[in-house]
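The structure appears right after this line, and notes come after that.
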Amino acid sequence: MRPTRILLATTSLTLAAGLASAQDMTNDMTLVSWGGAYQASQQNAYVEPYLAMHPEVTAVWDESSNEAVAKLRAMNEAGNITWDLVDVVASDAIRLCDEGLAMEYDPDELLAPGDDGTPASEDFGDLIVSECFIPQIVYSTTFGYRTDLVGDTPPTKICDVFDLDAYPGKRALEKRPINNMEWALLCDGVAKEEVYDVLATPEGQEKALAKLDTIKDSVIWWSAGADTPQLLADGEVVMGSTYNGRLFSVIEEQKQPVAMLWDAQVFDLDGWIIPAGLPEDRLARVKDFVRFATDTQRLADQAKFISYGPGRASSAPLVGQHAELGIEMAPHMPTDPNNAQNTFLYNYEFWADYRDDIDAKFQAWLAK
Amino acid sequence: MVALTPISRTPMSFYLPVVAAAGAFAGLLVGTAQDSSALGVLAGAVVMAGVAFVVTTMVDNEKLSRWGLVIALLAGGFLMGGLPGAVIGGLFGWFFGWFIFWLYEGRYRAKLAPYLTPGQVLWHFAFRVICGAIFIFLITPILVVMPLSFNAENFFTFTPEMLRFDPAGYSLKHYRDFFTNSDWQQALRNSVLIAPVATLLSVGFGTLAAIGLSQPHVPFRRAIMAILISPMIVPLIISAAGMYFFYSRIGLQGTYFGVVLAHAALGIPFVIITVTATLVGFDRSLTRAAANMGANPVTTFFRVQMPLILPGVISGALFAFITSFDEVVVVLFVGSAGQKTLPWQMFTGLREQISPTILAVATILVVVSICLLTVVELLRRRSERLRGMSPG
């Protein structure tokens, strides 16, 4: 698709539909995502509207984002790419891009400008962390706690997680070093800006593990995003980390006695990548869909269904009320000023460089 | 069964310790639920030994004692844990009432041969207890999820409402979700489309292979058999990865037919094994007799051989069907999102969203499996009866 064509296409929806069928586009799309409430928000916010505009198109979901990297490698080796658009976290996008498995794109050519006319590259800004990564949402990994199990003084600081005297009981932590090591160092007295410098040294890594060691006997390790909500609902854990959208669902939709602990929440990004090497007709369809699915209104719509912040700056003012509950969504966004008083910035480059090393140490420590 | 051995009352030194041991076990269960296992063991042993002492020496009226014990433990359970506690307490009361008098009156000895030594009697009951424990161990996980599938909440949790038997704690919404959600319905449709066709292929090829391999003149019989059986022996993940790359090259990956073929390959070994087993008892002179009377081989197969090996074919088909219906690894590789089967949907559902809809589906599948197996068993008995193979 040439850029002029794209500009034309967006001027009018009917015209776009006309052009779409005039062009060589397949009518089947396989979208890969995470399942659950997140995938439902994508389905509601832009897949269904897109299918309504293009009745000839069908979209199939594959809930394989968890193993997207491995599966894309296998597909590449087998020379048989069956996915059209893959939802991955930013760090996976960086890896896929480095390995040449994801397609590089030009933001201003592929993506629609903001509704205020800002070019896409500026509207998304720093969130485009890789040449291949098309940002959708900002989410955070943070803690939730049972309001009925913490006594009269609910936890307010991240370090309360490490305080077994004040908050006895089990905690749920993710079974990987990322985030846990940073939180451990923060609570061991390391200043926020120095965390990654300290974590780069073997002594720093030992220090973080030693801090985690103090609560190891009280930790239940989770690996799927749904685990912590289940454990919290069971009362099996007093507090646990998970994605903020999952906690929103537990608190507001399932009405469980759980509250958020936003302190030192770790921001991360999630977005699309287009697999490299798609045939022309499929690529044309995917480009058409992505342009629609990441425009200002669509990203703002997604926030009606799940409490993740839209990736575009221009979408933020359009975030409204929850589609079913009718509550204002803005206070539940991780980026809301009240929630973001103390946030922690996840360092992609650091983890790209140190992940294997620290992973091995972490797993060895776990097995001890 | 009539009594084999005359019975007499047993001494206190025998039944008190046994009742105390059983009481300790019950106390362990109750105590663990109340966060004090050791105290539970002690209290259970003392209370039950005391009860046994009182009812056998002071009350000595079996009917009255047993009802009294049921009511006492029912009330105790109600005080400790409300309605569910009362149910459990009542059951304990019934059991211990029966158990105390079963031992005290010596009834446990009545149906055993008189010459058994005490050690043999002990083993006789220990064996039954062990069998029962294994049975409970196998069946409990399946039974526990069934009530959870009627949960009114979206978690795998016995809520306080459920434990109080409050109707508000139960709902059919997860069943409704299964029958209305398009993902689940698509998965069900895929499973129902894939499994029978794969079964048909497995049965066709498997039966032919078994009959061919049972002919003594086929060369390399054992080697061929080993290759055909290999999908059952090779780890599934290896077959799956191999199939993935092979099917990708020939354009079968991600197609309906590819998944059917892959599942047929997995089902063939089961059919071969069961059909080969029934062929062992097949009398070859029957086929020669049929040929002698002018029947061609095809007629002979369908009129003579097939009816006789049918039980093997049917049980093989059942295994092949269940293999395909339960299979998740191979379909994850060979299928694409368009061929998402029920196990695949359950697998992703369990990982991404722990929703009791999975339990509702599991319950439905368990019920369907029980119905299926019952029907097959009834058919088998009927055909045996018709052919006069078994009396009755």
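The values are calculated or read from the model by the stated rules, or taken from the named source; none is laboratory data. Computed from a predicted structure; not experimentally measured. Cβ placement follows ideal geometry from the backbone for every residue including glycine, while neighbour counts extend to all protein chains displayed.
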**Report entry** Residues that are within 11 Å of chain A (Cβ to nearest Cβ) and either hydroxyl-bearing (Ser, Thr, Tyr) or surrounded by fewer than 22 Cβ atoms within 10 Å (Cβ to Cβ) (or both), drawn from region B:334-348
**Finding:** B:Ser336, B:Ala337, B:Gly338, B:Phe347, B:Thr348
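A quick yes/no check of all residues on (1) without any contact (Cβ under 8 Å) to a residue 40 or more places away in the chain; (2) assigned to a helix (DSSP H, G or I); (3) more than 14 Å from every other protein chain (Cβ to nearest Cβ); (4) crowded, with 18+ Cβ neighbours inside 10 Å:
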site	(1), (2), (3), (4)
B:Thr300	yes, yes, yes, yes
B:Pro307	yes, yes, yes, no
B:Val331	no, yes, no, yes
B:Arg351	yes, yes, no, yes
B:Ile370	yes, yes, yes, no
Query raised in the report: Looking at B:Phe156, B:Phe165, which is the one that is surrounded by 13 or more Cβ atoms within 10 Å (Cβ to Cβ) and assigned to a loop (DSSP other than H, G, I, E, B)?
Result: B:Phe156
Query - Only one of B:Gly251, B:Gly242 that is in a loop (DSSP other than H, G, I, E, B) and free of Cβ contacts under 8 Å to residues at least 24 places away in the same chain - result: B:Gly251
**Report entry** Long-range neighbours under 7 Å by Cβ, at least six apart or interchain, first residue outside any loop (DSSP other than H, G, I, E, B) within region A:23-35, second among the basic types (Lys, Arg) and at pLDDT 90 or above
**Finding:** A:Met29/A:Arg285
Requested in this report: Please enumerate the residues belonging to region A:230-251 that are assigned to a helix (DSSP H, G or I) and either aliphatic (A, V, I, L, M) or within 13 Å of another protein chain (Cβ to nearest Cβ) (or both).
Outcome: A:Gln230, A:Leu231, A:Leu232, A:Ala233, A:Asp234, A:Gly245, A:Arg246, A:Leu247, A:Ser249, A:Val250, A:Ile251
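Only one of A:Tyr145, A:Tyr139, A:Tyr167 is of a type in the set (Ser, Thr, Tyr) and part of a loop (DSSP other than H, G, I, E, B). Can you tell me which?
Details: A:Tyr145 fails: part of a loop (DSSP other than H, G, I, E, B); A:Tyr139 fails: part of a loop (DSSP other than H, G, I, E, B).
Of A:Tyr145, A:Tyr139, A:Tyr167, the one residue that is of a type in the set (Ser, Thr, Tyr) and part of a loop (DSSP other than H, G, I, E, B) is A:Tyr167.
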Report summary line: Only unsatisfied item for A:Ala293, checking (1) crowded, with 21+ Cβ neighbours inside 10 Å; (2) within 14 Å of another protein chain (Cβ to nearest Cβ); (3) closer than 22 Å to A:Gly35 by Cβ, is (2)
Report task. Exactly one condition in (1) outside any helix (DSSP H, G or I); (2) under 21 Å from the mean Cα position of the chain (by Cα) is not met by A:Phe350; state its number. Result -> (1)
Requested in this report: With respect to B:Ala86, determine if the residue is surrounded by 16 or more Cβ atoms within 10 Å (Cβ to Cβ), modelled with pLDDT under 90 and farther than 18 Å from B:Val51 by Cα.
Outcome: yes
Query raised in the report: Somewhere in region B:318-327, is a residue of a type in the set (Asp, Glu), more than 14 Å from chain A (Cβ to nearest Cβ) and surrounded by fewer than 22 Cβ atoms within 10 Å (Cβ to Cβ)?
Result: yes
Report summary line: B:Thr117 fails exactly one of (1) surrounded by 14 or more Cβ atoms within 10 Å (Cβ to Cβ); (2) modelled with pLDDT under 90; (3) β-branched (Val, Ile, Thr), namely (1)
**Report entry** Residue list for region B:207-254, filter: small (Gly, Ala, Ser) and surrounded by fewer than 14 Cβ atoms within 10 Å (Cβ to Cβ)
**Finding:** B:Gly212, B:Ala223, B:Ala226, B:Ser230, B:Gly242, B:Gly251
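Every residue, every condition in (1) farther than 22 Å from B:Thr255 by Cβ; (2) of a type outside the set (Phe, Trp, Tyr); (3) under 17 Å from the mean Cα position of the chain (by Cα), yes or no:
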site: A:Met53; (1), (2), (3): yes, yes, no
site: A:Val69; (1), (2), (3): yes, yes, yes
site: A:Asn80; (1), (2), (3): no, yes, no
site: A:Trp83; (1), (2), (3): no, no, no
site: A:Ala90; (1), (2), (3): yes, yes, yes
